[in-house]
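Novice: Have a look at this one.
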Amino acid sequence: MVHGLGGTRHTWRHLVEPLSAAHTVIAPDLPGHGDSAAPPGDYSLGAHAAALRNLLVALGHPSATVVGHSLGGGIAMQFAYQFPDRTDRLVLISSGGLGTQVSPALRAATLPSAEWAVAGLARLPGTVVRGVLSALPAFLARQDTRTVADALHGLAGARQRRTFVRTARTVIDRHGQTVSAAPHLTLLGDLPVLLAWGSDDRTIPPDHQRAVARRLPALHTAEITDAGHFPHETAPERLIPHLRAFLAATEPFCYSEAGWRRLVDPSGTRG
């Protein structure tokens, strides 16, 4: 289970226990986030995907269903693209990497003074931050204010703050998202994928998810009515049944090098 930008493993606290009744659940802090050490300097999607692969190897798991939220969705898609033989399924919750638009607050995180601004917000009392966030309904769903305020508090440490800004700059600029992982879904063919999102998400437009669902009708989808960008935190009781049904109804992806070759070279030009 892969958290989003500036988040930690604790974002999954409402899902871990219900899912662990029938599954092994691994919810790490990404490198530089939460309690994990900072990476050597590469904060890219590919580096985070490789770190997840290394974690699976260290724990002795040959493959996994990868659940990703927001930036974690982009990392999950990158993981599936880099390591298809280790990917059973994908669950993408309010996923990044499926379109260009993103909230102005995240675009601002890429500006030169972003680290200082985040430091200031992180030191304010939670009630003050929630009040500020509540005054910006066009940029953030009301349901998400407490979650985002808690995440900002978690960026009080210099390491976490630096990771937040440097990671943001690998996928976002002042115009919006700069990386599109949508082609990976087309390339992955028979990989079971669940797209889930909140209908009131104002961080990443729900239209990103809906457009992919229209283009790839074989995907499983779940739109959580009136939820914002964090349905796994603010509406877990409505998301969990969709996760359980998806896991029960699908078989793990079986990687075939011959099938992969047909996808990356459909014309057969290499032989």
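Novice: Could you tell me how many of the residues in segment 48-86 are without any contact (Cβ under 8 Å) to a residue 12 or more places away in the chain and closer than 20 Å to Gln177 by Cβ?
Specialist: Summing the residues that are without any contact (Cβ under 8 Å) to a residue 12 or more places away in the chain and closer than 20 Å to Gln177 by Cβ in segment 48-86 gives 0.
Novice: Check Ala235, Ala258, Ala227 and return the single one that is of a type outside the set (D, E, K, R) and open to solvent by 20 Å² or more (accessible area, probe 1.4 Å). Give the steps one after another, and end with the answer.
Specialist: On the way: Ala235 fails: open to solvent by 20 Å² or more (accessible area, probe 1.4 Å); Ala227 fails: open to solvent by 20 Å² or more (accessible area, probe 1.4 Å).
None of the others qualify; the one that does is Ala258.
Novice: Hey, among the residues in segment 185-218 that are hydroxyl-bearing (Ser, Thr, Tyr) and either in a loop (DSSP other than H, G, I, E, B) or surrounded by 15 or more Cβ atoms within 10 Å (Cβ to Cβ) (or both), which one's modelled with the lowest pLDDT?
Specialist: Result: Thr203.
Novice: Same structure, new question: Residues Ala80, Ala117, Ala105, Ala109: which one is under 14 Å from Thr167 (Cα atoms), at pLDDT below 95 and in contact with a helix residue (DSSP H, G or I) (Cβ under 9 Å, 6 or more places away or on another chain)? Please lay out each step first, then the result.
Specialist: Working: Ala80 fails: under 14 Å from Thr167 (Cα atoms); Ala117 fails: under 14 Å from Thr167 (Cα atoms); Ala105 fails: under 14 Å from Thr167 (Cα atoms).
Matching residue, one of Ala80, Ala117, Ala105, Ala109: Ala109.
Novice: Does segment 226-238 contain any residue that is farther than 24 Å from Val102 by Cα, not in a strand (DSSP E or B) and not aliphatic (A, V, I, L, M)? Spell out how you get there, then give the answer.
Specialist: Going residue by residue through segment 226-238, those that are farther than 24 Å from Val102 by Cα are 237-238.
Checking the rest, the ones that are also not in a strand (DSSP E or B) come to 237-238.
In the following step, the residues that additionally are not aliphatic (A, V, I, L, M) were identified as 237-238.
Within segment 226-238, one or more residues are farther than 24 Å from Val102 by Cα, not in a strand (DSSP E or B) and not aliphatic (A, V, I, L, M).
Novice: Now a separate question. In segment 167-178, how many are surrounded by fewer than 17 Cβ atoms within 10 Å (Cβ to Cβ) and closer than 30 Å to Trp260 by Cβ?
Specialist: 1
Novice: Ok, one more. On the basis of being closer than 19 Å to Asp207 by Cα, of a type outside the set (Phe, Trp, Tyr) and open to solvent by 30 Å² or more (accessible area, probe 1.4 Å), does Gln78 make the cut?
Specialist: Judged against the criteria, Gln78 is not a match.
Novice: Then there's this: Has segment 82-103 got any residue that is open to solvent by 40 Å² or more (accessible area, probe 1.4 Å), of a type in the set (S, T, N, Q) and either under 13 Å from Thr203 (Cβ atoms) or in contact with a Pro (Cβ under 6 Å, 6 or more places away or on another chain) (or both)?
Specialist: Yes: segment 82-103 contains one or more residues that are open to solvent by 40 Å² or more (accessible area, probe 1.4 Å), of a type in the set (S, T, N, Q) and either under 13 Å from Thr203 (Cβ atoms) or in contact with a Pro (Cβ under 6 Å, 6 or more places away or on another chain) (or both).
Novice: Six or more apart or on different chains, Cβ atoms under 8 Å: show the pairs whose first residue is in segment 201-229 and under 15 Å from Gly73 (Cβ atoms) and touching a residue at least 40 places away in the same chain (Cβ under 8 Å) and whose second is part of a helix (DSSP H, G or I) and hydrophobic (A, V, I, L, M, F, W, C).
Specialist: Listed pairs, sorted by first residue: Thr203/Ala105; Thr203/Leu106; Val212/Ala182; Val212/Leu185.
The values are calculated or read from the model by the stated rules, or taken from the named source; none is laboratory data. This is a predicted model, so every value here is computed, not measured. Please note: Cβ atoms are built from the backbone with ideal geometry, for glycine as well, and neighbour counts cover all protein chains shown. Areas reflect the complete protein model, heavy atoms only, side chains present, ligands, DNA and RNA absent. Shrake-Rupley method; radii C 1.70, N 1.55, O 1.52, S 1.80 Å.
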